[in-house]
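A short write-up of the structure that comes next.
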Amino acid sequence: MNFKKILPQLLTLVVVILVFVFFSYNAQVNMENRGITFGYGFLSQESSFDVQFSLIEYDGSHSYFRAYLVGLLNTILVSVIGIVFATIIGVIVGIARLSSNYLIERTAAIYVEFFRNIPLLLQIFFWYFAALRALPLPEKAEPIFGVFFLTIKGFFVPAFVWNNLDIFIYSVIAAIIAIVFVRLYAKKKQENQGIQTPVLSISIGLLIILPLLSFFLGGVDASVEIPVIEQLSKTSFTFKGGLKLPPELISLALALSLYTATFIAECVRAGVQGVSKGQKEAAASIGLTPNQVLKLVVMPQALRIIIPPTTNQYLNLTKNSSLAAAIAYPDLVLVFAGTALMQTGRAIEIVSITMLTYLTLSITISIFMNWYNKKIAIKEK
Amino acid sequence: MNKLNFLSPDKNNLYAYLYSGIGLFSLSILIVFLNSFFSLDLTSFLPGTISYFLPLILGFMGLHLIRIEYSGVKFLEVINKNINTNKFNALLSLLIIFAVIKSLPPLLSWFIIDANFAGDSKDACSGSGACWAYIKTWFNRFMYGMYPNAEQWRINLSFIALAFLGGVGFFATEKFKKYLTLYYVVVYPIIAFLFIFFFISGGPIFFDFSYGIIAAVISIIIGFFIPSKFKMYYFLIIPITIYILLKYVFFYEELIELGKIQAFEWVETGAWGGLSLTFIVSFFCLIFCFPVGLFLSLGRRSDLPIIKYISIGFIEFWRGVPLITVLFMSSVMFPMFLPEDMFIDKLVRVIIAISLFEAAYVAEVIRGGLQALPRGQYDAAKSLGMGYWKMHIFVILPQALKLVIPGIANTFLALVKDTPLIFVVGLLEIVGMLNLAKTNPEWLGFAMEGYVFASIVFFIICYAMSKYSYNLEQKYKTER
C-alpha cells in the first residue's frame with residue numbers, strides 16, 4: 001500500500017524537477033547566445049537614468065540598487081496612503097450601509113456597487129487622464145484656504161521646516177511608549193481592583209504634552225513654508241516652496257483607496273452584522289453604556305470577523321499599487337522592472353528581484369496581521 | 001385647544017405641525033431645485049452666508065416638526081422611520097437630497113442636453129457637453145481593436161455560435177443532463193478553441209496541435225462505449241496512442257499540404273483588441289483556471305507531503321505577486337526559458353499566465369469549501385469503501401463546490417476586471433484602445449467620454465455577473 005502513496009509523489013517531483021531543469025538549461029543556452037552572464041553585480045553599477053519623484057536623494061549617478069530603493073519606497077508610500085484612506089472610507093461606508101436611514105444606506109450601496117464593478121486600471125486612468133487634467137494651470141489656480149493649490153501640475157501644500165526634527169520624533173516615540181505602559185497599568189488595575197482608568201484622555205494628553213515640551217525644552221522649532229507661484233518662462237509657471245504631490249501619486253492613491261474601500265466596507269458590514277443581537281442586549285442589561293457596549297462587546301467580536309478579509313484587501317492594495325506603471329508613477333515596477341530592465345536587459349534577475357520583493361511585502365503584512373489576529377482571537381480555556 | 005410648542009411637536013396638534021413641517025421642507029427643496037435647474041435665487045435678499053445655508057435650516061426645521069411618534073398617519077410613519085429617525089439622520093438625509101438635486105443639472109447637460117451625437121469629426125463637437133460622436137466613430141475599434149473591418153463578421157459569428165453552444169445546458173433534457181459536466185469541461189473548451197483558431201485567427205486546418213485535438217475527440221467518442229471499469233486505464237493509454245499513430249503512421253505529406261490551405265485571411269493576434277479581446281482572454285482564463293485551481297486545492301489538502309508542499313509553494317507564490325509582474329514575466333522573462341526555435345504566441349502566453357495566477361486564487365476559494373465540510377462526510381464516504389477519487393468526485397466536491405459558488409464568482413469577476421492589464425505586453429483590449437484613441441491627433445481631448453463609456457460597459461458586464469452569481473447562490477442553497 002505504501003507504493004500507492006509514493007508513486008504519485010515521485011511522479012510529481014520528477015515532473016517539477018524536469019520542468020526546472022528544462023527551463024534553466026534553456027536559460028543558460030539563451031544567455032550564452034546573447035553573451036550575458038547571470039549575476040547580480042549590475043546592482044552596483046551607475047544607473048544613469050533619472051526618476052521624477054523620489055523620497056530619498058537620487059539622480060543618474062547613483063547605482064541601480066539605489067534606483068530599486070527609490071521604487072520600493074514609492075511603492076510603500078502609495079500603499080500606506082492608500083491603506084489609510086481606504087480604511088477610513090471603508091469603515092464609514094460600511095457603517096453607512098448598516099444605517100436605518102434609507103437614503104444613507106442606498107447612497108453607500110450605490111457607491112460600493114459602482115466602484116467595485118469597474119476595473120481599477122480604468123479608474124486610475126480616469127482620475128489621471130480625465131479628472132485631474134481638468135484642473136487649472138498653476139497661474140490660474142485658486143488657493144484653497146489660502147495655502148493649498150490644486151493644479152494640473154500637482155497638489156501644492158505648505159511644508160513644515162523643522163529644526164531639531166529628531167528630538168521631536170523621539171518625543172512622539174516616547175509618548176507612544178508611555179501610552180503603552182499606561183494601558184498595561186490600567187488593565188492590570190482593572191483586573192485587580194476593578195477600577196477603570198480614563199486611558200483615552202490620558203493618552204491624548206500624553207500625545208499632546210510630550211511633543212509640546214520638546215518645543216519648549218528641546219529647542220525644536222517648526223515654521224510653515226507656503227508655496228509661492230514662480231514664473232519659469234513667459235508662459236510657464238510653477239510653485240516654489242512647500243511640498244509638491246505629483247498628480248500621478250494623487251490619482252493612484254485616490255483610485256486605490258476608493259476601489260479598495262468598497263471591499264473593506266463589505267468586510268465591515270459583514271463583521272458588524274456577524275455579532276448577534278443577544279450580545280448587545282446582554283451587554284446593555286448588565287448596565288454598560290452604549291459607548292461601552294460598542295467598545296467592550298461589539299467591536300472586539302466584530303473585529304475578529306473583519307480583520308482576516310481586511311488583511312487580504314490590504315495585501316491586494318499593495319499588489320495593485322503596481323498598476324502605477326500605467327500612469328508613470330515611479331514605483332518599483334516602473335523604475336526597476338521597466339526602466340532598469342530596458343537599460344540592462346537582465347530580465348531574469350530583475351523580474352525575480354521584483355517578484356521576491358512583492359512576495360516579501362505580502363508575507364510581512366500577512367505575518368503581522370496573523371499575529372494581531374491571534375492576539376485578539378477568543379482564548380478558549 | 002392645546003398649546004403649540006414648536007420645539008417638541010406631539011400628536012395633539014398633529015395637523016398644525018404636519019402642515020407647517022411639510023411646508024418648510026417643501027420650501028427648502030423648492031429653493032434648491034429652482035437654484036440648480038433654473039439658477040433662480042429666491043433668497044438673494046438675505047446676506048450671503050445665511051442665504052447659502054437657508055434651505056438646510058428650513059428643511060431641518062421642517063423635518064423636526066414632522067418627527068412625531070405614533071401619529072397614526074401612514075406616510076408620515078414611513079418617512080420618519082426611513083429618513084428622519086433623529087436630528088443627525090435628518091441632517092444627513094437633507095444633505096443627500098440637496099446633493100442629488102444640485103448634481104443633476106450638470107450631469108444631465110453633460111450627458112444628454114449639451115452633448116453631440118451626430119457627426120464624424122472633432123469639429124462636430126462644439127458644445128460644452130459630451131462628444132458621443134467620438135465614441136460612435138471609434139466604436140468599431142473599441143469593440144474589435146485593429147481587426148480588419150471587412151473581417152469583423154467572423155468575430156461576431158464565433159461569439160454568437162459560442163453563446164449558443166454555451167447555452168445548451170439550459171435546454172438539455174434529463175437524459176443528457178449527466179453529460180453536461182463532461183460537455184462543459186472537455187468538449188466546449190475544445191470547440192471554443194477551434195472557433196477562435198479557425199475563425200477569428202484564420203489558422204490553417206492542420207497545425208502541430210491538431211493531432212492532439214483529433215486524438216482527444218476520437219478517444220472521447222470511443223470512450224462512451226468503454227465499460228466504466230476500464231475507463232481510467234483507457235483514458236491513460238488510448239489518447240497518447242492515437243496521437244502517436246496520427247503523427248507518425250498516417251503521416252501523408254499530401255494531407256499536410258492540403259491542410260495548409262486557409263479558408264480565411266490570417267489575422268495576427270497583435271491586431272486583436274477591444275472588447276472582443278477582453279471576452280476571449282477572460283473566457284479562456286476562466287476555463288483553464290478552474291481545473292488547475294481544483295487540483296491545486298486538492299493537492300494542498302493532500303496527505304502526501306511532497307504534493308502538499310509543492311501545491312502550497314505554488315499557490316502562495318502566485319498569490320504573493322501582483323499580476324502585472326506576472327505579465328512582465330510572461331513577456332520578457334519566459335522567452336528566455338524556452339528553446340530558441342520555440343515560439344509561443346503573445347496572447348497564448350498571456351492566457352497561460354493569467355490562468356495560473358487566478359488558479360491560485362480559485363484554489364484557495366475551493367479549499368475554503370473543502371474545509372467547511374464536516375469530517376463526517378469524508379468518514380461516511382470512506383466507510384462505503386470509496387477510494388480517494390471516487391470519494392471526492394461523488395461526495396465531497398459536489399457539496400464543496402456548491403458552498404463556494406459566490407467565492408468562485410468573485411474570483412471570475414476579478415479576472416474580468418484584471419484583463420485590461422494585458423496592455424503591459426502590448427495587447428490592447430478596450431481600455432488599451434481608449435488610450436490609443438485618446439492620443440490620436442484628430443481626436444485630442446475626449447479622454448473623459450472614452451473612460452465614461454468603458455466604465456459603463458464594464459459596469460454592465462460585472463454587475464450582471466455579480467447578480468447572476470447571487471442568483472446561483474440562492475438556487476443552490478441547500479439545507480445542511
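Taking H as built 1.01 Å from N, whose amide H comes closer than 5 Å to the amide H of A:PHE148, not counting residues under 5 places away?
Long-range HN contacts for A:PHE148: none found.
In deg cm²/dmol, rounded to 500, what helix-only [θ] at 222 nm does chain A give when every DSSP H run of at least 4 residues adds -39500 (n - 2.57) and the total is split over its residues? Don't jump to the answer; show the numbers that get you there.
Numbers: 11 runs with 228 residues, N = 381.
My calculation for chain A gives -20500 deg cm²/dmol from helical runs alone.
Where in region A:204-278 are there trypsin sites (Lys or Arg not before Pro) that are in a DSSP coil and have at most 11 other Cβ atoms within 10 angstrom of their Cβ? Mind showing how you got there, number by number?
On the way: sites: A:LYS234, A:LYS240, A:LYS244, A:ARG269, A:LYS277; in loops: A:LYS234.
Answer in residue order: A:LYS234.
Using the Kirkwood radius over C-alpha pairs as Rh, can you work out the diffusion coefficient of region B:14-113 via Stokes-Einstein at 20 °C, viscosity 1.002 mPa s, in µm² per second?
Values: Rh = 14.4 Å.
My calculation gives 148 µm²/s for D.
Which pairs, out of B:LYS177/B:LYS417; B:LYS81/B:LYS477; A:LYS153/A:LYS240; A:LYS4/B:LYS390, put more than 21 Å between their alpha-carbon atoms?
On the way: B:LYS177/B:LYS417 32 Å; B:LYS81/B:LYS477 33 Å; A:LYS153/A:LYS240 12 Å; A:LYS4/B:LYS390 16 Å.
Going by Cα-Cα distance, B:LYS177/B:LYS417; B:LYS81/B:LYS477 fall outside the 21 Å limit.
So which cysteines in chain B don't have a second cysteine's C-beta under 4.7 Å from them?
So far as the 4.7 Å Cβ criterion goes, B:CYS285, B:CYS289, B:CYS462 stand without a partner in chain B.
For the pair B:PHE45 and B:ILE312, what calculated FRET efficiency results from E = 1/(1 + (r/R0)^6), where r is the Cβ-Cβ distance and R0 = 60 Å, to the nearest 0.05?
Numbers: r = 74 Å, r/R0 = 1.23.
The pair B:ILE312/B:PHE45 has a calculated efficiency of 0.20.
For B:LYS467, give me every one of the aspartates and glutamates with a C-alpha distance below 12 angstrom, ignoring sequence neighbours fewer than eight places off in its own chain.
In chain and number order, the partners are A:GLU113.
Projecting each Cα onto the charge dipole of the protein assembly as shown (Lys/Arg +1, Asp/Glu -1 at the beta carbon, about the Cα centre), which of B:LEU304, A:LEU55, B:VAL457 comes out farthest on the positive side?
With unit charges placed on the Cβ atoms, the residue in question is B:LEU304.
Roughly how big is the protein assembly as shown's charge dipole about its Cα centre, with Cβ charges of +1 (Lys, Arg) and -1 (Asp, Glu), in debye to the nearest 20?
Details: 63 positive and 49 negative charges, 738 e Å.
So the dipole magnitude of the protein assembly as shown works out to roughly 3540 debye.
Starting from the Cα of B:LYS74, draw a straight line to each of the aspartates and glutamates and keep only those under 18 Å, dropping any in the same chain fewer than 8 residues away.
Straight-distance partners of B:LYS74: B:ASP10.
Please work out the Cα convex hull volume for chain A and give it in Å³ per residue. Each step should come with its number before you reach the end.
On the way: hull volume 97.9 nm³, N = 381.
Hull volume over Cα atoms, normalised by residue count, gives 257 Å³.
Where does the charge balance sit around B:ALA124 when Lys and Arg score +1, Asp and Glu -1, over other residues with C-beta under 14 Å from its C-beta?
Numbers: positive: B:LYS122, B:LYS136; negative: B:ASP114, B:ASP120, B:ASP123, B:GLU442, B:GLU449.
Local charge sum for B:ALA124: -3.
With +1 on each Lys and Arg Cβ and -1 on each Asp and Glu Cβ, how big is the dipole of chain B about its Cα centre, in debye rounded to the nearest 20? Provide the component values of the computation, followed by the final result.
On the way: 35 positive and 29 negative charges, 427 e Å.
Dipole magnitude for chain B comes out near 2040 debye.
Anything in chain B that counts as a DSSP H helix reaching 20 Å or more along its axis (C-alpha) with Kyte-Doolittle mean of at least 1.6? List them, would you? Can you show the working numbers first?
Numbers: long enough: B:14-38 (34 Å, 1.68); B:48-65 (26 Å, 1.48); B:87-108 (32 Å, 1.70); B:152-166 (21 Å, 1.07); B:274-300 (38 Å, 1.91); B:305-320 (22 Å, 0.67); B:346-372 (39 Å, 1.17); B:447-475 (42 Å, 0.55).
Counting only whole DSSP H runs, the qualifying helices are B:14-38, B:87-108, B:274-300.
Expressed as a rounded percentage, what relative contact order does chain B have, with Cα pairs under 8 Å and six or more residues apart? Each step should come with its number before you reach the end.
Working: 480 pairs, mean separation 64.8, N = 480.
It rounds to 13 percent for chain B.
What size of dipole, in debye to the nearest 20, comes out for region B:14-113 about its Cα centre when the only charges are +1 on Lys and Arg C-beta atoms and -1 on Asp and Glu C-beta atoms? Could the numbers behind the result be given before it?
Values: 5 positive and 3 negative charges, 31 e Å.
The dipole of region B:14-113 has a size of about 140 debye.
Compute the whole-percent fraction of alpha carbon pairs in region A:279-381 spaced more than 18 Å apart. Could you put the intermediate results ahead of the total?
Working: 3373 of 5253 pairs.
For region A:279-381, the fraction of Cα-Cα distances above 18 Å is 64 percent.
What's the local net charge at A:ALA302, with K and R +1, D and E -1, over the other residues with C-beta under 12 Å away?
Working: positive: A:ARG269, A:LYS280, A:LYS295, A:ARG304; negative: none.
Here the count lands on +4.
May I ask you to work out the translational diffusion coefficient for the protein assembly as shown at 20 °C, viscosity 1.002 mPa s, via Stokes-Einstein with Rh from the Kirkwood sum over Cα pairs, reported in whole µm²/s?
Details: Rh = 32.2 Å.
So the translational diffusion coefficient is about 66 µm²/s.
Report, in whole Å, the centroid distance computed from the Cα atoms of region A:154-206 and region B:78-140.
46 Å
Would you mind calculating the relative contact order of region B:14-113 from Cα pairs under 8 angstrom and at least 6 residues apart, reporting the percent as a whole number? Don't skip to the answer; put the middle values down first.
Values: 86 pairs, mean separation 32.5, N = 100.
Taking the mean separation of contacting Cα pairs over the length of region B:14-113, I get 33 percent.
Show which lysines lie in cross-link reach of A:LYS189 when reach means a straight Cα distance below 25 angstrom and same-chain residues fewer than eight apart are skipped.
Those lysines meeting the cut-off are A:LYS295, A:LYS374, A:LYS375, A:LYS379, A:LYS381.
At 30 angstrom or more along the helix axis (alpha-carbon based) and mean Kyte-Doolittle of -0.5 or higher, what helices does chain A contain? Whole DSSP H runs only.
Values: long enough: A:2-34 (48 Å, 0.82); A:64-96 (47 Å, 2.08); A:165-193 (41 Å, 0.79); A:247-274 (40 Å, 1.04); A:347-376 (43 Å, 0.95).
What comes out of the filter, once short or polar helices are dropped, is A:2-34, A:64-96, A:165-193, A:247-274, A:347-376.
For region A:154-159, in order, what is each residue's ³J(HN,Hα) by Karplus, 6.51 cos²θ - 1.76 cosθ + 1.60 with θ = phi - 60°, in whole Hz (x at glycine and Pro)?
After applying 6.51 cos²θ - 1.76 cosθ + 1.60, I find x, 9, 9, 10, x, 10 Hz.
Post the alpha-carbon centroid distance, region B:408-465 to region A:58-73, in whole angstrom.
For region B:408-465 versus region A:58-73, the Cα centre distance is 32 Å.
Mind listing the long-range amide H neighbours of A:ILE229? Cut-off is under 5 Å, sequence gap 5 or more, other chains count too, H placed in the peptide plane at 1.01 Å from N.
A:LYS240
Positive end of the charge dipole of region A:124-253 (Lys, Arg +1 and Asp, Glu -1 on Cβ, about the Cα centre): tell me which of A:PHE215, A:LEU150, A:ILE176 has its Cα farthest that way.
Value computed over the given set: A:ILE176.
In whole angstrom, how far apart do the alpha carbon centroids of region A:286-348 and region B:333-396 sit?
26 Å
What are the equivalent ellipsoid semi-axes of region A:23-177, built from the alpha-carbon gyration tensor (square roots of five times its eigenvalues), in whole angstrom, biggest first? Walk me through the numbers before you get to the answer.
Details: eigenvalues 312, 150, 90 Å².
Working from the Cα gyration tensor, I get semi-axes of 40, 27, 21 Å.
Please name which of B:PHE164, B:PHE328, B:TYR179 has its Cα lying farthest along the dipole of the protein assembly as shown towards the positive end, using unit charges on Cβ (Lys, Arg +1; Asp, Glu -1) and the Cα centre as origin.
Positive-most Cα among the choices belongs to B:TYR179.
On each of the three principal axes of the Cα atoms of region A:341-381, give max minus min coordinate, whole Å, ordered largest first.
Largest to smallest, the principal-axis extents are 59, 11, 6 Å.
Where a number appears in this text, it was derived from the coordinates with a stated rule and is not lab data. Just so we're clear, the structure is a prediction, and the values are computed from it rather than from any experiment. As a convention, Cβ positions derive from the backbone with ideal geometry for all residues, glycine included, and neighbour counts pool all protein chains shown.
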